[in-house]
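Please read the structure below before turning to the comments.
The values are calculated or read from the model by the stated rules, or taken from the named source; none is laboratory data. Quantities reported herein were computed from a predicted structural model and do not represent experimental measurements. Cβ coordinates were reconstructed from backbone atoms using ideal geometry, including for glycine residues, and neighbour counts include every protein chain displayed. All accessible areas refer to the heavy atoms of the entire protein, side chains included, with ligands and DNA or RNA removed. Shrake-Rupley method; radii C 1.70, N 1.55, O 1.52, S 1.80 Å.
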Amino acid sequence: MTPLLEARNVTKLFGGGGIRKKPGTVALHDFSFRVDAEPPTITAIVGESGSGKTTLARLLLGLAAPTSGEVLYRGKDLRQLTTEDRHRFLRDVQVIFQDPYEVYNPFYKVDHVLETPVKKFHLAPTREKARELIEETLNAVGLRPDETLGRHPHQLSGGQRQRIMVARALLLQPRLIIADEPVSMVDASLRATILESLRQLHLKFSISILYITHDLTTAYQIGQNILVMYRGEVAEVGDVDLVVKQPRHPYTQLLIQSIPQADPTHPWQGHELPTNGSAPAAGAAHCTFVDRCPYAMDICRRQTPPLFRTDEHRAVACFLYKESPRLAGTDLEQVLATAAPAETIPA
Amino acid sequence: MGLSSRHSVTLSPRPATRPILSVRDLVVHYHTSRGAVQAVNGVSFDIAEGERLGLVGESGSGKSTIALALLRLIRPPGRIESGEIVLDDVDLLSLDEEEMRQVRLARIALVAQGAMNSLNPVLRVKEQIRDGLHDHAAELSGRAFDDRVYELLHSVGLRRDVADMFPHELSGGMKQRVCMAIAISLRPTLIIADEPTSALDVVVQRQVMDTLLKVQEELGAAIILIGHDMGLMAQVVDRVGIMYAGNLAEVSPVADLFRTPLHPYSDLLIASLPSFEVKGAFQGIPGLPPSLLNRPVGCSFRARCPRAFERCATVEPRLREVQPERLVSCHLY
């Protein structure tokens, strides 16, 4: 089956070139990933700033073009879609951005962001039907239409605005929602509500979700699968329980230990261990984490680690696991669990 | 490093030292064309020598306003309407502007949110540290000054060659450390850290927090850590004050708060925190904080409170000690 959306050996460089032929910044390096239309999944993509997670989102949305490699929508290059396919793509793939304050035009009432897609995609035959559809959708994300419609963005809280964005995405009945840090600018008590509405969309409407975040805790809570990114490459990928409970990549381990747990009896760990030896020679192939890795070996400075399949549902890009079989090609799907979501997540 | 000794502090009963800072009935309003925004509405708390107090709350709960009020840096349209801020027996609100200027940095230092962006881009790190030292009459000559700069950089975990660098040559975490070095340069007795790590990645946050706590311990200074990250609070502070709509809802020792939150808001807030223990169940707090322009009569949390009763609608609860060392403003107790 043709995947819904696929990144194939995508590399994205920023800057560089010019007269002095400076090397650019590698935001994403030889990255392959795909989302199938069926069964719907929730995949969390986790990384710190500079890990390439937002670049990935922009590439998948067609907002940026890869330097090399290709992004395919139902098997067709995103940059060469026919008008008809593009229309379909814009419906199938929706996005929720980080900042619920910036996406609104302050001069329009919030109704505008909901009415526009209804008009553009002819979702309702009459004004009354349109209104009905919008109200239904708002209810689905836990907003009361009479408290939201007819207001200007500044009259609503960040949490409400973000949920309107979820509603807008839902209106189009997409196959995939790419949510780029949807809760990082929202207060703690509202965060849970927004994540819950995303999860409900997945369960009720069978929508796949790519949840992009720096926050491993929420990634763990909402995701089935997780990709841990480090400097534009996948460090560890697989079943979220495996990766979070027994992290294998030294970077994932550091990341998880560094999270301050909301439990005073659970001591804070994550002191960065002293690194083992020197940084690799410039330009040489090497593991991107080698300069911070306490377990670095010679081979890490000479070669880029491929993904080793350490468990049935996990692969790790680290030579510590070189006894495990290599993941054939770059097909992450082999390790990503595709079990039906409704059964695995308690309602 | 810092953490092991911290735990001994939390587990043993706190020594009955007199507070170095005492805030009483602090009221701060922002005067807008639509009326007075009651950002801080009668807040009282104490902090003991060397203590770590956390102030948590959602945006608009008044926590950063308190930080600015303690430094008397509230600018119009904001104004400190009433209250007392007593630091080492001196009421800061009674000082004139010049006296207060001497207190800042020398006695109370601020490490602000995104402080790293407050560094001057065209001055070397050394020169930025010099500003504070010179301004507060610590006249140091060439060599002694350099030594003091290196010492300060060393205590925040930076190499000495950072002294001659410009801010753009430093990473976010390093810049935040430079700001800490400036903050501690005059050995303050109180450090106010307003979301000092919220702009940093989690691994760097860990390192920067460790450094902050280490210098705080070395100085014997008290610290007020302001933020919204309950995880960070759980790991770092001795006591937590939970702010809601300009009031303190609860002030409790950190272990007690997480074990048995007393105020319904604390309870819901802690229940809404994501953790690695429970999966898939997201429980937020329904409703929204009240408008601070026309504060409701009675308890400000009433509309969202699952345990509200008649009294909450008419009488505003006051912060009272309901168990040893635990203060709550709620009619349930």
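Quick notes on this structure:
- DSSP beta bridge pairing in the protein assembly as shown, given as percent antiparallel to the nearest 5: 60
- Estimated vicinal HN-Hα couplings, Hz - the stretch B:143-154 in sequence order (Karplus 6.51, -1.76, 1.60; Gly, Pro = x): 5, 4, 5, 4, 4, 5, 4, 5, 4, 5, 4, 4
- Among the cysteines of chain B, those with no neighbouring cysteine Cβ under 4.7 Å are B:C179, B:C305, B:C330.
- The listed peptides B:90-101, B:241-252, A:296-307, ordered by packing as a protection proxy, come out as B:241-252, A:296-307, B:90-101 (highest mean of other Cβ atoms within 10 Å first).
- Cysteines of chain A lacking any other cysteine Cβ under 4.7 Å from their own Cβ: A:C293, A:C318.
- Local net charge near B:G83, Cβ-Cβ under 14 Å (Lys/Arg +1, Asp/Glu -1): -2
- For chain A, built as a Gaussian network whose Cα springs stay under 10 Å, the top-fluctuating residue of A:H249, A:H29, A:H266: A:H266
- Heavy atoms of A:K109 accessible to a 1.4 Å probe, total area in Å² rounded to 10: 100
- For the stretch A:160-167, Karplus couplings with θ = phi - 60° (6.51, -1.76, 1.60), whole Hz, Gly/Pro x: 5, 4, 5, 6, 5, 5, 5, 4
- Amide H contacts of A:I42 (H built 1.01 Å from N, under 5 Å, at least 5 apart or other chain): A:I209, A:Q224, A:N225
- Positive minus negative residues near B:I108 (Lys, Arg vs Asp, Glu; Cβ under 11 Å): +2
- For residues of B:204-211, the mean tally of beta carbons on other chains within 10 Å: 4
- Each Lys and Arg Cβ is given +1 and each Asp and Glu Cβ -1; about its Cα centre, the stretch B:13-166 then shows a dipole of about 500 debye.
- Distances between placed amide hydrogens fall under 5 Å for A:Y230 paired with A:A235, all partners being 5 or more residues away or on another chain.
- The label point for B:D147 and the one for B:E277, both projected 7 Å from the Cα toward the Cβ, are 5.2 nm apart.
- Built amide H within the under 5 Å cut-off of B:V240, gap 5+: B:G54, B:S252, B:V254
- Of the solvent-accessible surface of the protein assembly as shown, computed with a 1.4 Å probe and all protein chains present, 52% belongs to carbon and sulfur.
- Per-residue HN-Hα couplings for the stretch A:203-213 [Karplus 6.51, -1.76, 1.60; θ = phi - 60°; Hz; x = Gly/Pro]: 6, 7, 10, 6, 9, 6, 10, 9, 9, 9, 7
- Given charges at Cβ of Lys, Arg, Asp, Glu: chain B dipole, positive-most of B:L92, B:S59, B:A144: B:S59
- Per-residue mean of foreign Cβ neighbours for B:285-292 is 3 (Cβ atoms of other chains, 10 Å radius).
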